[in-house]
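A quick write-up on the structure given underneath.
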Amino acid sequence: MNCSKLYRAVFTLAALTLAAASAHSQIKIGVVLSTTGPAASLGIPEQKTVELFPKQIGGEAVQYIILDDASDPTGAVKATKKLVTEDGVHAVIGSTTTPSSLAMRDTLADAGVPQISVAAGRSIVYPMDDKRRWVFNTAPSTALMANAIARHMKEQGVKKAAYIGFDDAFGEDWSVNFAESAKANGIELVASERYSRAATSVTGQTLHIKAAKPDAVMIGASGTAAALPERSFNQIGYKGKLYQSGGVANPDFLRICGADCNGTIVAAAPGLVAPQLPENASFKAAAMRFADTYQAAHGPKTLTQFGANAWDSGVLLEQAIPVALKSAKPSDRKAFSAALRDALEGLKNVPAAGGVYTMTATDHNGLDEQGVVLVEIVNGDWKLMK
């Protein structure tokens, strides 16, 4: 081999070695979202948000590996196992829904990989235990949203309320938390119904609720499937007030529900209406960073609660990764994942699209009452209630 070929060979080998070392040492963040299936209207804006995340944090390259769970907990577990065993991720964002987030938990906790869920179920992070110490979430919890709704009902003179929600972990979480909040506010729960995410009719359930004569109804559902009870209540002539969770806070729900949803009150993350937040809100600038970045990429009136929740998972990582890097390197996956978990748990007063996050050893959601706003659907748009 002549000198020229030798130099080229040595240079090529050095470049490949450097590239391999770089790939091995970069930070890998797995992302499991529902970009197809019934929850796709939630998962798609979440994916679009993750695609806007910084590709370098704390001087280290960050790779985001996005997988679709098809709105199915089994799919979420399969995707999670791939990310852990094949891709060697340091943390996982996801999933979109409460059932899928709960299904992922054991795999990640057993592997010592922190999870940042973007779903709202309170049971995702409460009560704290050996598994949940690896789990964080960014959405306002069902407890926070249920409290805000029950207080508003009380202020409006509601004495009797009813509930209808999904027949899964999300619906059950909402049922439990709304019942507790209603009771705390002196409101009698006179009916409680369930329906499948794939249902095409809920007439039987809404008729049962109407017969109980509630002053208001809480709908514990998400995505476009949450429009089904709204339409049914209008069709059977129910005249009481309707409330929804932040699970409906996207343009697809407004489009599908149409005029049937006018006047509905929704408890949501502040990022949904970032431009309408008061100027003195402590996290207004942080919420507008999300709103401006997302709408610059995807156009006006494209903000969703789900984009805000996903954005905040990125904000938490931006804050936690530099801290974790002080005690471990990404090349040691186990040590860095553990350091990242500890850094996430130590975050204090972090302003973001959904409020201000302060994590503790017993609270891995970190939001207070600032993390929920009430908005009214008015002529196909969101209006912040003062």
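Between the residues G121, A150, A139, the greatest Cα displacement towards the positive end of the dipole of the range 96-246, with unit charges on the Cβ of Lys, Arg, Asp and Glu, is found for A150.
Expressed as an acute angle from 0 to 90° and rounded to the nearest 10, what is the orientation of the C-alpha long axis of helix 169-184 relative to the principal long axis of the chain? So the inclination is approximately 50 degrees. List the relative contact order of the chain as a percent without decimals, with contacts defined as Cα pairs under 8 Å and 6+ residues apart. Reported relative contact order: 17 percent. The C-alpha atoms of the chain define a longest principal axis, and helix 284-298 lies at about 80 degrees to it.
Considering Cα pairs under 8 angstrom that are at least six residues apart, work out the relative contact order of the range 196-298 and quote it in whole percent. Working shown, then result.
On the way: 112 pairs, mean separation 23.1, N = 103.
Result for the range 196-298 is 22 percent.
Sort 53-66, 206-219 for me by packing, meaning the mean count of neighbouring Cβ atoms within 10 Å per residue, highest on top.
Packing proxy ranking, top to bottom: 206-219, 53-66.
In sequence order, the range 200-210 has phi-based couplings of 10, 8, 10, 4, x, 5, 5, 5, 4, 5, 4 Hz under the Karplus curve 6.51 cos²θ - 1.76 cosθ + 1.60, θ = phi - 60°, and Gly or Pro positions carry x.
Most tightly packed first, judged by the mean number of other beta-carbon atoms within 10 Å of their residues, the peptides 139-147, 249-257, 171-179 read 139-147, 171-179, 249-257. Among the protein heavy atoms of the chain, carbon and sulfur supply 54% of the accessible surface, probe 1.4 Å, non-protein parts ignored. The packing ranking of peptides 275-282, 232-239, highest mean first, is 232-239, 275-282, where packing means the average number of other beta carbon atoms within 10 angstrom of each residue.
A 30 angstrom limit on the alpha carbon distance is what I want to check against. Which of K81/K284; K78/K329; K81/K326; K159/K301; K160/K383; K131/K301 exceed it? Walk me through the numbers on the way to the answer.
Numbers: K81/K284 38 Å; K78/K329 27 Å; K81/K326 28 Å; K159/K301 36 Å; K160/K383 26 Å; K131/K301 38 Å.
Checking Cα-Cα distances, K81/K284; K159/K301; K131/K301 exceed 30 Å.
3J(HN,Hα) couplings calculated from phi for the range 328-343 with the Karplus curve 6.51 cos²θ - 1.76 cosθ + 1.60 (θ = phi - 60°) are, in sequence order, 7, 10, x, 5, 9, 4, 4, 5, 5, 4, 5, 5, 5, 4, 5, 5 Hz; Gly and Pro show x.
Using a 1.4 angstrom probe, figure out how much accessible area the chain has per residue, in square angstrom, rounded to the nearest whole.
Numbers: 15580 Å² over 386 residues.
So the chain comes to 40 Å² accessible per residue, rounded to a whole number.
Each residue of the range 238-247 was assigned a 3J(HN,Hα) from its phi angle through the Karplus curve 6.51 cos²θ - 1.76 cosθ + 1.60 (θ = phi - 60°); the sequence is 6, 10, x, 7, 10, 10, 9, 8, x, x Hz, with glycine and proline shown as x. Between Q63 and I27, K28, I29, the built amide H atoms are under 5 Å apart, and every one of these is 5 or more places off in sequence or on another chain. Between G220 and I164, G165, F166, the built amide H atoms are under 5 Å apart, and every one of these is 5 or more places off in sequence or on another chain.
Taking amide H as placed 1.01 Å from N in the peptide plane, the amide H of V135 sits under 5 Å from that of Q115, each at least 5 places away or on another chain.
The values are calculated or read from the model by the stated rules, or taken from the named source; none is laboratory data. All values derive from a computational prediction rather than experimental measurement. Quick reminder, even Gly has a Cβ in these numbers, built from the backbone with ideal geometry, and neighbours come from all protein chains shown. Note: accessible area is taken over every heavy atom of the protein model, side chains too, but ligands, DNA and RNA are not part of it. Shrake-Rupley method; radii C 1.70, N 1.55, O 1.52, S 1.80 Å.
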